[in-house]
Amino acid sequence: MKPRKIPMRKCVVLQERFEKKQLMRVVKTPEGSVVYDRTGKANGRGVYLSKSKEVIEKAMKTNVLKKHLETEIPEAIYEELFKALEDE
């Protein structure tokens, strides 16, 4: 039996590939709203961030999420990411 393939995704801040489980996903839904996707399965355009405070802070400073999702990112999204990071 072949070993299962591990899904890999790229962090938009670090530009490095990680296992999907090690990343956080932010999604722009088809309705145009931006949400933090805890499950990793929400419908829409998703981008991934490494689970680290420094990476989230750098994403805020460089507006990398705004560039990738082509929409304004509410401050509440970053707060939700920091909270999720603390809860782990």
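Throughout, read-outs are computed from the coordinates displayed, never taken from laboratory work. Not measured: the values here are computed from a predicted model. A quick note on method: Cβ atoms are made from the backbone with ideal geometry, for glycine too, and the neighbour counts reach across all protein chains shown.
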Checklist entry - Under the Karplus relation 6.51 cos²θ - 1.76 cosθ + 1.60, θ = phi - 60°, what is the ordered set of whole-Hz ³J(HN,Hα) values for region 77-88, x standing for Gly and Pro? => result 5, 5, 4, 5, 5, 4, 5, 4, 5, 5, 5, 7
Checklist outcome for this item: A correct Karplus calculation of ³J(HN,Hα) over region 21-37, with 6.51 cos²θ - 1.76 cosθ + 1.60, θ = phi - 60°, whole Hz and x for Gly and Pro, returns 5, 8, 10, 10, 10, 10, 10, 9, 6, x, 6, x, 7, 10, 9, 7, 9
Next on the checklist: Suppose every Lys and Arg Cβ carries +1 and every Asp and Glu Cβ carries -1, with no other charges. What dipole size does the chain come out with about its Cα centre, to the nearest 20 debye?
Outcome noted: 720
Item to check | Rel. contact order, % - alpha carbon contacts under 8 angstrom, at least six apart, the chain | outcome: 25
Item to check | Fraction of antiparallel bridges per DSSP, the chain only, in percent to nearest 5 | outcome: 95
Checklist entry - What residues have an amide H closer than 5 Å to that of Arg45, excluding those fewer than 5 places away on the same chain, when H is modeled at 1.01 Å from N in the peptide plane? => result Lys28
Checklist outcome for this item: Scalar couplings 3J(HN,Hα) for region 15-20 by Karplus 6.51 cos²θ - 1.76 cosθ + 1.60 (θ = phi - 60°), nearest whole Hz, x for Gly and Pro, are 6, 10, 8, 9, 5, 4
Item to check | Global geometry of region 11-86, whether rounded, prolate or oblate, following the gyration tensor of its Cα atoms and the 1.5 cut on a/c | outcome: rounded
